[in-house]
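Just so you know, all these numbers are worked out from the coordinates, no wet-lab data involved. Here the structure is a predicted model, which is why all the values come from computation and not from measurement. No Cβ is skipped: glycine too gets one built from the backbone with ideal geometry, and neighbour counts run over all protein chains shown.
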């Protein structure tokens with residue numbers, strides 16, 4: 001796969017299969033915490049990026065080969081709403097992978113545009129970045145294109161949130177000395193709670209940032225922010241890699257899924273074919289059942305769910 005990545009283990013999205021429609025950093029922001037380094041921010045013009053047919057083929061191949069993902073997520077090396085083919089790809093995913101949820105991670109700066117709001121209206125989840133309570137903080141934190149406008153950004157978020165039918169989670173990136181003062185956090189909390197958000201997720205720069213001086217706030221500041229943001233707040237932080245045992249179960253689940261694509265089987269038959277204990281087969285099958293990829297029949301056979309083919 002060239003333009004799909006993962007599935008990436010995520011605290012929030014489970015196993016997230018990423019779509020990266022750009023060949024290089026392509027964003028209208030140049031955030032001080034960006035892991036892709038410094039680059040002059042682009043404008044609001046749409047970008048051709050990767051040909052959509054290529055990504056469509058990679059998605060078909062991934063799931064045909066038994067790939068497992070909870071979410072298909074637009075993210076990667078740029079602002080996904082700038083991709084010229086986003087509307088087409090959202091429709092493609094919704095029409096062809098109904099058993100998967102679709103998420104879009106965005107900096108939120110383009111949501112004032114009606115055409116973009118329409119393009120992403122069928123997504124299950126949109127996660128906009130909302131980290132700045134005022135214009136000065138917005139400029140310092142995100143270093144946007146000179147044609148960006150903070151009030152337009154805020155109004156775009158308000159408009160989008162009033163129209164969108166799916167879930168909206170805010171991502172708040174906190175940087176020490178930039179947007180973590182008590183005054184800033186209180187102002188940001190007021191704005192966040194004016195929006196119909198399911199969650200408010202606090203994140204911090206854990207990967208090497210564009211600016212070396214960028215560091216996370218201390219633990220007390222993060223706790224204060226979460227208290228001010230209220231019961232919807234979650235601290236995301238860095239995802240802990242899955243344990244070797246979890247990876248073993250995931251790999252076994254993929255193998256069993258491939259077997260069940262050919263025919264229904266019982267636990268004992270699968271264990272005999274693979275030469276492993278039935279208890280391990282049970283664990284992997286339970287994971288597949290929980291993800292609604294496999295079902296157990298009345299005669300103790302396991303088979304693939306019709307929508308997981």
Quiz item: In the set (1) 65, 43, 35; (2) 57, 40, 34; (3) 55, 47, 37, which value of Cα extents along the principal axes in Å was calculated from the structure you see?
Solution: (1)
Self-check item: Cα Rg, Dmax (largest Cα-Cα span) when computed across region 244-308, Å
Solution: 10.7, 33
Quiz prompt | C-alpha long axis of helix 150-163 to longest principal axis of the chain, angle in ° | solution = 40
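Quick check on the exposure proxy: order 227, 39, 212, 154 from fewest to most C-beta atoms within 10 angstrom. Could you put the intermediate results ahead of the total?
Values: 227 11, 39 15, 212 7, 154 22.
With the sparsest Cβ surroundings first, the list reads 212, 227, 39, 154.
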Self-check item: Residue among 209, 231, 128 with the largest mean-square fluctuation in a Gaussian network model of the chain, springs linking Cα atoms under 10 Å
Solution: 231
Exercise. Sort 152, 146 so the one with the fewest other Cβ atoms within 10 Å of its own Cβ comes first.
Key: 146, 152
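Based on DSSP, what percent of beta bridges with both residues in the chain are antiparallel, to the nearest 5? Please report the intermediate quantities before stating the final value.
Numbers: 9 of 34 bridges.
Percent antiparallel among DSSP bridges in the chain is about 25.
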Practice problem: Would you mind classifying region 64-153 by shape? Square roots of the alpha carbon gyration tensor eigenvalues, ordered a ≥ b ≥ c; an a/c under 1.5 is rounded, otherwise it is prolate if a/b is larger than b/c and oblate if not. | Solution: prolate
Quiz item: What residue among 204, 73, 61 has the largest mean-square fluctuation in a Gaussian network model of the chain, using Cα springs under 10 Å?
Solution: 61
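Given only helices, namely DSSP H runs of n ≥ 4 each adding -39500 (n - 2.57), what is the per-residue ellipticity at 222 nm of the chain, to the nearest 500 deg cm²/dmol? Walk me through the intermediate numbers first.
Details: 10 runs with 114 residues, N = 309.
Only helices count here, giving -11500 deg cm²/dmol.
Kindly rank 176-182, 25-31, 218-224 from highest to lowest mean number of other beta carbons found within 10 Å of each residue. Provide the component values of the computation, followed by the final result.
Details: 176-182: 16.1, 25-31: 21.9, 218-224: 13.3.
In decreasing order of mean packing, 176-182, 25-31, 218-224 become 25-31, 176-182, 218-224.
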